[in-house]
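Only one structure is covered here, and it is reproduced in the block below.
The values are calculated or read from the model by the stated rules, or taken from the named source; none is laboratory data. A quick note: this is a predicted structure, and the numbers were derived from the prediction, not measured. Here Cβ is always computed from backbone atoms with ideal geometry, including for glycine, and neighbour counts include all displayed protein chains.
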Amino acid sequence: MSLTNPATMATTAAAPKGGDLVDRHRLSTRLWHWTNVVTFVIMLMSGLMIFNAHPRLYWGAYGANPDYAWLQIGATQANTGFVRVGSVTADTTGILGRWTDGDGQVRNRAFPSWATLPASYNLALARRWHLTFAWVFAVGLAAYLIRSLANRHLTRDLLPTAEEIRPAHIWADIKHHAKLQFPTGVAALRYNVLQKFAYLSVLIALIPGMILTGSTMSPGLNAAMPWLLDLFGGRQSARSLHFIFAIGLVGFIVIHLAMVLLAGPFNEVRSMITGRYRLPKEKI
Amino acid sequence: MSLLTRRSVLTGLGFSTIIGTTAGLVLSPSFRDLILGSGEKLAYQTHRLIGRNALAPEFTESQMSPDFRTNGNTMPASADYQRHMETDFANWQLQVDGLVATPKTFSLSALKALPARTQITRHDCVEGWSAIGKWTGVPLSALLAQVSLLPTARYLVLHCADDFSGNAYYESIDLVDAFHPQTILAHTMNDTPLSVGHGAPLRLRVERQLGYKQAKYIMRIEATASLAKIGLGKGGFWEDQIGYDWYAGI
Ligand code: HEM
């Protein structure tokens, strides 16, 4: 967002009002965002294929078939698919563990072919996608964070203000979201506090968490950077956390897309492509 | 106002790169292979840059896996190997040759008589699981000192006794890993002679890489200048057959 920039303010003369077309997203934000959308889809889908090679998760330094898995996706003798978390098991036949692929073939495998890259089982190829685009993911985020510190995007647009983190303000914002009331006029120039929390947690917690737990699974990096293992409690814990952070990101994206749809997808997506955004008209 | 402002040029370049790369990945198999091949090279170079001689983490006995599963071949089919197995590897010999000044062979008892290193390390399978075990064996560097590598040598190829449908297992490592202090030829696991399932009589431990690099049933170590003429040329059985990366540090 660049409206807080005094130079832009000067050219628009008076404060903008509902109906005006204003500058919303910086070029760096727009380029990072779409690079990241493509990269994230590749990372997620190739990651699910890699998970299929050993659909069990453990805590600690080691973990293999003889050890207790806290999460497992598989197929039973009775030909049902299941997901087990701890001692709770859910029947997921058709979606997870046992499903039918595009050619009508029934497969006993964790994630279905429509969710993985490549669609058929190929650990070597999935690792190539994942371990190549991990560089784009990591370097892209690092460059974006550095740029956003330098141009104050992080501090001005994403960091909630003291006023915004008052419980009363947060509660009011939650109520507005629940009633699907979106800000209009000048109030729509800035991200609201829930948006700020969501974006900040993606940018400084979830994506960095993915990158760091991913690095912790590399035996080469374990030698070069052994502190990573201490940080996450061992390689298999890092693998579990990698999976949990990925679920967190998927959760964010579901809500994110729902919000874009509710707030007016054309105007929203245009603002993330061209940078220009039409302020919603005041409701009075 | 000119249409070609610095801003519009940057915008155009940025978005065409994103769209162009994505379209290339979807539409062009050769572009896709080119891009997807770059991850391994970047990882290899980065790891060598930041941790060339770094040691893999070692663990205590209390941190060991109670049950260390086997993987890959667990019983080489060759008649030769079967004979060695029946005679407890008494006549088995490791051959070290290729680009070395003095090729040599070593019996199992000769190897066991050499100074050994013991390490408790984590074994990471490419599929995702890990197991911690205790390995005792001869540092590969000590063996190489006895045969003297020629200056043209760049890789060590480990030829194994096992095969998958007639294709012999083999693996290869660079000289940084070959001379790394934790790279050993293990003859003992968890204080007992290496079992057949885990690669008797001798397997490689190259601790900063994944499981498929830990060649079992080693018969011969060959120093070479290139990997192109070995197997199908990719540096290892799985590399040749299904395209796993040769550098498996990640
Ligand atoms: C096709 C899918 C997506 C669409 C259409 C989309 C759309 C948008 C839009 C319109 C905004 C601006 C919201 C506003 O101006 O109020 C935005 C911001 C954002 N999106 Fe997405 N998004 C998508 C996928 C993703 C994914 C996959 C991620 C992360 C994994 C993501 C992370 C973010 C973040 C962090 C911001 C805030 C950027 C900043 O200001 O620094 N988005 N997105």
Exercise for review: Scan the stretch A:183-201 and report the pairs whose first residue is away from every other protein chain (no Cβ under 14 Å) and under 20 Å from residue A:246 (Cα atoms) and whose second residue is near the ligand (Cβ under 10 Å from one of its atoms) and of a type in the set (Phe, Trp, Tyr), with Cβ atoms within less than 8 Å and a gap of 6+ or a chain change.
Suggested key: A:198/A:252; A:199/A:191; A:201/A:252
Study note, to complete from the structure: For the stretch B:20-39, the count of residues that are of a type outside the set (S, T, N, Q) and facing chain A (nearest Cβ under 7 Å) equals 3
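Listed here are the residues, each with its yes/no results for (1) within 24 Å of residue A:220 (Cα to Cα); (2) aliphatic (A, V, I, L, M); (3) assigned by TED's automatic domain parsing to the domain that holds residue B:149.
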| site | (1), (2), (3) |
| --- | --- |
| B:179 | yes, no, yes |
| B:185 | yes, yes, yes |
| B:207 | yes, no, yes |
| B:250 | yes, yes, no |
**Study point:** Looking only at the stretch A:108-132, and only at residues there that are small (Gly, Ala, Ser) and either touching a Leu at 6+ places or on another chain (Cβ under 8 Å) or not in a helix (DSSP H, G or I) (or both), the one that is surrounded by the most Cβ atoms within 10 Å (Cβ to Cβ)
**Key:** A:110
Exercise for review: Identify all residues within the stretch A:55-66 that are out of contact with any Ser or Thr (no Cβ under 7 Å at 6 or more places or on another chain) and either more than 8 Å from chain B (Cβ to nearest Cβ) or surrounded by fewer than 21 Cβ atoms within 10 Å (Cβ to Cβ) (or both); write none if there are none.
Suggested key: A:55, A:65, A:66
Check your understanding: When residues of the stretch A:221-240 are filtered for being at the interface with another protein chain (Cβ under 10 Å from one of its Cβ atoms), in a helix (DSSP H, G or I) and surrounded by fewer than 18 Cβ atoms within 10 Å (Cβ to Cβ), how many remain?
Key -> 1
Check your understanding: Counting only residues that are near the ligand (Cβ under 6 Å from one of its atoms) and surrounded by 15 or more Cβ atoms within 10 Å (Cβ to Cβ), how many does the stretch A:261-273 have?
Key -> 3
Exercise for review: Would you be able to say whether some residue in the stretch B:67-74 is within 11 Å of chain A (Cβ to nearest Cβ), modelled with pLDDT of 95 or more and buried (at least 17 other Cβ atoms within 10 Å of the Cβ)?
Suggested key: yes
Check your understanding: Among all residue pairs at least 6 apart or on different chains, which show Cβ distances below 8 Å where the first residue, located in the stretch A:244-271, is under 19 Å from residue A:177 (Cα atoms) and the second is of a type in the set (Asp, Glu)?
Key -> A:260/A:268
Review point. So, of the residues in the stretch B:41-57 that are within 7 Å of chain A (Cβ to nearest Cβ) and part of a helix (DSSP H, G or I), which turns out to be farthest from the chain's Cα centre (by Cα)?
Key: B:50
Point to revise | Pair list, Cβ under 6 Å, 6 or more apart: the stretch B:15-35 residue surrounded by 15 or more Cβ atoms within 10 Å (Cβ to Cβ), other residue among the hydroxyl-bearing types (Ser, Thr, Tyr) | key: B:18/A:35
Review point. Do the conditions hold for residue A:89, that is, is it in a loop (DSSP other than H, G, I, E, B) and polar (S, T, N, Q)?
Key: no
Exercise for review: Identify all residues within the stretch A:133-155 that are more than 16 Å from residue A:207 (Cα to Cα) and either modelled with pLDDT under 95 or surrounded by 17 or more Cβ atoms within 10 Å (Cβ to Cβ) (or both); write none if there are none.
Suggested key: A:147, A:153
Review point. Quick check, is residue A:156 in a helix (DSSP H, G or I), facing chain B (nearest Cβ under 9 Å) and of a type in the set (Lys, Arg)?
Key: no
Review point. Limited to the stretch B:207-231, what total is found for residues that are within 14 Å of chain A (Cβ to nearest Cβ) and either among the small types (Gly, Ala, Ser) or part of a loop (DSSP other than H, G, I, E, B) (or both)?
Key: 6
Point to revise | Residue tally, condition among the hydrophobic types (A, V, I, L, M, F, W, C) and within 9 Å of the ligand (Cβ to nearest atom), over the stretch A:176-213 | key: 7
Review point. Restricting the first residue to the stretch B:115-141 and requiring it to be more than 14 Å from chain A (Cβ to nearest Cβ), which pairs with a second residue that is surrounded by fewer than 23 Cβ atoms within 10 Å (Cβ to Cβ) and among the basic types (Lys, Arg) meet a Cβ separation below 8 Å and a spacing of at least six or different chains?
Key: B:118/B:134; B:136/B:117; B:137/B:117; B:138/B:117; B:139/B:117
Revision key, fill the gap. All conditions in (1) within 14 Å of chain B (Cβ to nearest Cβ); (2) assigned to a loop (DSSP other than H, G, I, E, B) are true of residue A:72 except (2)
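Here is a yes/no grid of residues against (1) within 22 Å of the chain's Cα centre (by Cα); (2) part of a helix (DSSP H, G or I):
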| residue | (1), (2) |
| --- | --- |
| B:59 | yes, no |
| B:73 | yes, no |
| B:89 | no, no |
| B:112 | no, yes |
| B:122 | yes, no |
| B:127 | yes, no |
| B:132 | yes, no |
| B:138 | yes, no |
| B:153 | yes, no |
